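The values are calculated or read from the model by the stated rules, or taken from the named source; none is laboratory data. All values reported here derive from a predicted model rather than from experimental measurement. Positions of Cβ are backbone-derived with ideal geometry, glycine not excepted, and every protein chain shown enters the neighbour counts. These accessible areas exclude ligands, DNA and RNA; they are computed on the full protein's heavy atoms, side chains included. Shrake-Rupley method; radii C 1.70, N 1.55, O 1.52, S 1.80 Å.
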Amino acid sequence: GPEHMTVTTWVNLSRAPKAIGYYYSSECNPESPDSFKVPYATSAKIRELSERVFKPYGPFFTQAENAQRRIAVLSSMASALHGNSPNLLGSYNNYQIYHFYTLLAMNHINADVVLDETIERYGLDDYDTLVLPKCDALTESVYKAVQVFQQRGGLVIADQYLGPDLPGALRFDFDFTYRSKVSANAIANNADFANWNDQLKPGTAEVQQVTGVTALDDQRIMEDYAAQLKQGLAGKVSTFAECDTPRVLTNLLVKDGANYLVLVNDNRTYGERAGEKYKAVLDKLLPISTVVTLNEWPHETLTAYDMLRKQELPVEKADGRWKFNVDLDELGGTIVALYPAPLAQVRVRTQSTVVPGMENTLVVSIEDLGGVPVAGLQPLRLDITNAEGTN
């Protein structure tokens, strides 16, 4: 649906991708109109995102970089192959960390995903915190690397399935097995496929009796889990920025010393397309206002600028931390540029003489109060009008 697509688009944009694309399933054959099941509203939303986000800010996202992260989440193939814990989200091994990572994101904690071979090859020196969801089996080399990580003061976070002996690990007991029952089949029929993947043949697949869970109940449970995680990590794991709601997601991008906080609206409820009827998906995006708190701003002053709304945001300092409000709507997200000093002016420099029909040079810069060009990436629109009044 259009608004669920909008959220996932912004999640990807917040990671500074080099390209954005949309996958249409093989059922959507353009040559067979009867099979084309993607709603027009989704295509219309992609067009809106193209006009309002991709075209003006695409070069920003492709040139920006993710801020260095000090937290890693292990997606362990050894555990997937040799573990005994419940399989989550069908048979996809790479999805096993998905639920715990979601709780981290709801707490505005961004982490790198590492694999067994990542740790074996590069170690864990770049990280202060290691999260081990669904790690009931580890290779010996990874286990020893984690022990060394702990010995130098690294924090290990795990769930109830942790198999190897790692004294001092901070453990949480979250039951995500219910999430397979958040489906229209389970809700409407109290029955669903026993095991699901994209090779499933509905006519021959095993069906089991289950009690369905609505998407709103899933949201309440996950937000309760996120609150438990936040309480357990208080004073142990810090983030650059946090919001006062788990329904806004964040990621920090950087470029040449400048900081850009991307905020994603994940405030969803039932919509007319599918949610109100099946109760299995929150497919309507709602506006939301959030208070953003910067926990690690090293400067004495702060200027926060909403790049999509093209306006400076009022900021205040309380208890040693900077705070500002951001409004998010159905567009799905925004970028807040963070500067240590106010922006004063846009300066345009030209050659002393501009000759029609010849190559001429324009230099455009955004400067601070001291006349110094600010660092980073600041998207600008430049309109050049000739003597006849046309562009």
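Within the range 278-289, the only residue that satisfies the criterion of being basic (K, R) and either open to solvent by less than 80 Å² (accessible area, probe 1.4 Å) or in a loop (DSSP other than H, G, I, E, B) (or both) is K279.
Take R171 and decide whether it is surrounded by fewer than 18 Cβ atoms within 10 Å (Cβ to Cβ), without any contact (Cβ under 8 Å) to a residue 24 or more places away in the chain and touching a Leu at 6+ places or on another chain (Cβ under 7 Å). It is true that R171 is surrounded by fewer than 18 Cβ atoms within 10 Å (Cβ to Cβ), without any contact (Cβ under 8 Å) to a residue 24 or more places away in the chain and touching a Leu at 6+ places or on another chain (Cβ under 7 Å). Scanning the range 185-198 for residues that are touching a strand residue (DSSP E or B) at 6+ places or on another chain (Cβ under 7 Å), open to solvent by less than 70 Å² (accessible area, probe 1.4 Å) and not in a strand (DSSP E or B) gives N185, A186, A194.
Scanning the range 214-240 for residues that are surrounded by fewer than 12 Cβ atoms within 10 Å (Cβ to Cβ) and assigned to a loop (DSSP other than H, G, I, E, B) turns up A234, G235, K236. The residues of the range 118-127 that are part of a helix (DSSP H, G or I) and of a type outside the set (K, R), listed by number, are T118, I119, E120, Y122.
Scanning the range 115-162 for residues that are of a type in the set (F, W, Y) and either over 28 Å from Y225 (Cα atoms) or open to solvent by 10 Å² or more (accessible area, probe 1.4 Å) (or both) turns up Y122, Y127, Y143, Y161. Counting only residues that are open to solvent by less than 50 Å² (accessible area, probe 1.4 Å), of a type outside the set (G, A, S) and in contact with a strand residue (DSSP E or B) (Cβ under 7 Å, 6 or more places away or on another chain), the range 63-95 holds 4 of them. Residues that are assigned to a loop (DSSP other than H, G, I, E, B) and open to solvent by 50 Å² or more (accessible area, probe 1.4 Å) were ranked within the range 340-350; the one that is modelled with the lowest pLDDT is P342.
Where strands (runs of 3 or more DSSP E) sit wholly within the range 290-339, those with at least 2 residues that are surrounded by 15 or more Cβ atoms within 10 Å (Cβ to Cβ) and out of contact with any helix residue (DSSP H, G or I) (no Cβ under 6 Å at 6 or more places or on another chain) occupy 303-306, 311-313, 321-328, 333-339.
For the range 241-251, state whether one or more residues are in contact with a Cys (Cβ under 9 Å, 6 or more places away or on another chain), among the hydroxyl-bearing types (S, T, Y), within 30 Å of A16 (Cβ to Cβ) and buried (at least 19 other Cβ atoms within 10 Å of the Cβ). Checking the range 241-251: at least one residue is in contact with a Cys (Cβ under 9 Å, 6 or more places away or on another chain), among the hydroxyl-bearing types (S, T, Y), within 30 Å of A16 (Cβ to Cβ) and buried (at least 19 other Cβ atoms within 10 Å of the Cβ). Selection of the range 357-384 for residues being farther than 22 Å from K55 by Cα, at pLDDT below 90 and among the charged types (D, E, K, R) yields E359, D368. Against the conditions (1) outside any helix (DSSP H, G or I); (2) under 21 Å from L233 (Cα atoms); (3) not hydrophobic (A, V, I, L, M, F, W, C), T211 satisfies every one except (2). Scanning the range 65-117 for residues that are outside any loop (DSSP other than H, G, I, E, B) and not hydrophobic (A, V, I, L, M, F, W, C) yields a total of 15. When V364, V354 are screened for being surrounded by 10 or more Cβ atoms within 10 Å (Cβ to Cβ), at negative phi and in a strand (DSSP E or B), only V364 passes.
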